[in-house]
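In what follows, a structure is listed as structure tokens, so that the remarks can point back to it.
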Amino acid sequence: MMMMVMMHFGHNNLKLDYLLDNKTLQKVHQEKDLGVIISDDMKSSHQCIQAYSKANKMSGVINRAIFYKSKEVMLSLYKTLVRPHLEYYTVAWSPHYVKDKVLLERVQRRFTRMVPELKELSYPDRLKKLGLWSLEE
């Protein structure tokens with residue numbers, strides 16, 4: 001049975017209760033639909049935290065499971081298993097707060113350090129060697 005919920009948007013919203021089939025709809029502050037978190041404050045921070053968490057976990061799995069960490073192997077794994085979590089639905093929730101951008105970029109910084117031959121390079125140099133760009137770009 002599907003539970004019916006509702007969310008109020010806007011500062012001037014009266015936040016009234018609504019009925020459907022003589023039952024009051026439950027109020028929620030955020031809802032997840034198709035993997036995207038929509039919150040009543042319309043901020044993307046919740047989505048960024050979720051994307052960071054998923055991408056960071058996958059990055060850790062790769063780091064622990066892969067022994068041969070050549071540039072080509074790691075880049076392929078990153079583009080296939082990590083980056084999609086960071087980019088999913090960015091057209092709609094594009095992070096505009098610096099703290100959210102820094103959070104997401106942290107995953108890519110960490111991952112680029114996992115390639116042994118690039119470990120000592122600066123972050124921009126690691127990106128250049130891997131043919132990647134910063135997530136903000």
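The values are calculated or read from the model by the stated rules, or taken from the named source; none is laboratory data. Since we're looking at a predicted model, the values are computed, not measured. Neighbour counts run over all protein chains shown; Cβ positions are idealised from the backbone, glycine included.
Of note:
- Elements of the type helices (runs of 4 or more DSSP H) sitting completely within region 20-137 and holding at least 2 residues that are touching an Asp or Glu at 6+ places or on another chain (Cβ under 8 Å): these cover 45-65, 98-113.
- Flag if D100 is out of contact with any helix residue (DSSP H, G or I) (no Cβ under 9 Å at 6 or more places or on another chain), among the acidic types (D, E) and at pLDDT below 90: no
- Residue in region 30-63 that is nearest to Y97 (Cα to Cα), counting only those that are modelled with pLDDT of 90 or more and charged (D, E, K, R): K54
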